[in-house]
Amino acid sequence: MIKLGSFVISLLWTISFAIAAHVGSIKTKTLHFKEAPKFYNSPTCPSFNYYHSTDTNNITNNTQICFQNAVNVAMTLDAAYLRGSMAAILSVLQHSSCPENVIFHFVASSSANTDYLNVTLSTSFPYLHFTIYLFQDSAVAGLISTSIRAALDCPLNYARNYLADLLPGCIQKVVYLDSDLVLVDDIAKLAATPLGEESVLAAPEYCNANFTTYFTPTFWSNPSLSLTFANRKPCYFNTGVMVIDLQRWRAGDYTTKIVEWMELQKRMRIYELGSLPPFLLVFAGKIAPVDHKWNQHGLGGDNFRGLCRDLHPGSVSLLHWSGKGKPWVRLDASRPCPLDALWAPYDLLQTPYVLES
């Protein structure tokens, strides 16, 4: 009876998100995007050396070409954030010294309109090297617990947990990026972040944040759970910008480690904030450092009101509108925050006026 109940819950999750994705794709079909300029490699860029790897997870081509000397970038792709994704892609290419060496790996829900996504990307970026991989919502449907913001409960938010399974085994390192950001620096610098001898991932750490707030009193009052961070110096890090060693991830079976925490969360509530806490439980205090300039995050405000925020002190290589407020939504509503003007130049949305002219 328990197994049947779990099956029904999982089925309901799958159906509900399939409907949501379908409705979202219908709405997105009304959007049109301009063709982006083509960007060329500088003379000093290394040439591609490529080899083939059979991969049945992607829908672009079952024979995946793996490139040496490439910068591999992974992003999720869905209807609700497509406008943000297009801006992020443009920003990566525009500021790259070797844009022709950047390979994009997009993960989309298995229920998404992938034909539309393929056509949209190919039309705006005819020269782009990319592959779309399908993520089965059912893989996490029974593992997701409700969080403080409904948008955080989308199964695709958890696809980053499965990148090592989705991407070809020949890809050793990947830069993972959220869709609500733009780069203003060369992504090759971020991709070259040293991971040391043991670290699986690298990200900017924020050790001044109150780490205890990311977990419930139930977690901290349980000695066997709170000892998780024994002999570690855990700090908060944002999972929207990460450099991941996929070979080390696979060798350490880190997807299973994250899933085990999600399973525990279903039995006893140990956190409130979506897909982030399992990453903190597994990796906090063990990651390689990245300069804070590579994730000027929180520009979308908090998860409740999405109020305007300023940049953190220091230089900027990446602006990240994490939080409730998204720049394209605020711009369309004629209620932008001052920093939304920095996102606007990368917006490829084709306005109705331009379409009619």
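The values are calculated or read from the model by the stated rules, or taken from the named source; none is laboratory data. Bear in mind the structure is a predicted one, so any value in this text is a computation, not a measurement. Glycine also receives a Cβ, built like all others from the backbone with ideal geometry; neighbour counts cover every protein chain displayed. Ligands, DNA and RNA are stripped out before the accessible areas are found, and what is left, the full protein with its side chains, is counted by its heavy atoms. Shrake-Rupley method; radii C 1.70, N 1.55, O 1.52, S 1.80 Å.
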Note to self: C-alpha centroids of the range 193-272 and the range 120-179 sit apart, in Å, by 19 Å
Computed over the range 49-297, protein heavy atoms only, probe 1.4 angstrom, the accessible area per residue in square angstrom equals 38 Å²
The answer for chymotrypsin sites (Phe, Trp or Tyr not before Pro) in the range 254-342 that fall in a DSSP coil and have at most 16 neighbouring Cβ atoms within 10 Å is Phe304
Carbon/sulfur accessible area of the range 70-215, % of total, 1.4 Å probe, equals 50 percent
The ratio Rg/Rh over the Cα atoms of the range 278-357, Rh being the Kirkwood inverse mean 1/r radius, stands at 1.10
Per-residue accessible area, 1.4 Å probe, largest first, puts Tyr127, Tyr40, Tyr206 in the order Tyr40, Tyr127, Tyr206
Of Glu260, Glu198, ordered by accessible area with the largest first and a 1.4 Å probe, the sequence is Glu198, Glu260
